[in-house]
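Worksheet: one structure, shown below.
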Amino acid sequence: MPLLAYSANQPYSYLLALSGQTGATLWRSPLDHDGLDFSPAVAAGVVYVTTLREESRLGGSLYAINAQTGQHLWRVAGTAQTSPVVADGLVFVGSGEYGGPYSLVAYDATTGAVRWRAPVGLVNAAAAPAVANGRVFIATQGTVYAFDEHTGVLLWQRVVPGEPGKTPVIASGLLLVGGYQGLWALNTTTGVSAWSFRSGPVLHFVQGRAAVANGAVYVDIDNHLVALTLSNGAFRWQRTLVPEPTAAVEASPAYANGVIFVPGWINSKNGLLAFGKRGRYLRGILTQGGDPIVSNGRVYLGNFQYVDAYAASSPLTSSNPPAKSGTVEPTRARQPTG
């Protein structure tokens, strides 16, 4: 499966498919005059991507694109406001005008026809949905909803302090949602809170999407990488990502082979940090920014200009000293995206 990136070259925008080995462009698919502010989803050889109307920050279109050729299969013009999520022949997207009535919409993955639409109130923003075990979840500013995947029937809704607006993560029957009052774990069947975690006495901003591995949750809270026990939310350890309290990296960690990769600062510059068992610092590498994605032994970072590829194994060992300005970077392939 190729890497997917976004290129904005007026008067058109493009979705790019890149080789994961070399960074070479395999194809590019035009997205009309829309901008891309969301992450694509891939299922059964099809790329699903939502766009954003840059001029007014209103919702855009939902595209289905052949993953091998970049050919458009179908497009639904409308008010898409989140990244798409695909499951069981359906594409789920949060839809609505910014600041107006909002809905969760299920589209047929083959045709783009609307299967069902469920209102989720009047909100300013919402995170992408999450799907598991026949249920689809979406967190808006203040409320988490659970719907039947196939019918759109509301199963439960739960008010959560701190206006959860990050994409939920599902693991071991728990729905992990974050907001400005910390991280909450809800039972996916009932919506009942299993546990919550707050890092300090005042603010507890969850800056990005959590990662889960081996019974642990890794999440950026208040510019710290925090490790918690998945089953009960017990604190394990934390590491500083950005020492400046007025700055934020909005990091979404990624986990692979016992290493947690997460954006952070190195000498006040953007970097990719690697932590091992019990939060042991392994190495930091100067980067152009972006959240990490790990695949086939490489760590990929996308930003406004490049897609960067880094080796995920050999450079990240405990014998390497902390990175300084001018550190030689490991294997990387760059492909301009703008």
Check your understanding: Around residue 73, which amide H atoms from residues at least 5 apart in sequence, or from another chain, sit under 5 Å from its own amide H, with H modelled in the peptide plane?
Key -> 64, 65, 66
Practice item. For residue 128, list long-range residues whose amide hydrogen, built 1.01 Å from N in the peptide plane, is under 5 Å from its own amide hydrogen. Key: 83, 167
Exercise for review: Taking H placed 1.01 Å from N in the peptide plane, check which residues at least 5 places from residue 115 or on another chain put their amide H under 5 Å from its amide H.
Suggested key: 106, 107, 108
Exercise for review: Let me have the relative contact order for region 256-311, percent, based on Cα pairs under 8 Å that are six or more residues apart.
Suggested key: 23 percent
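Readers should treat all values here as calculations from the given coordinates under stated rules, not as data from a laboratory. None of these values were measured; they are calculated from a predicted model.
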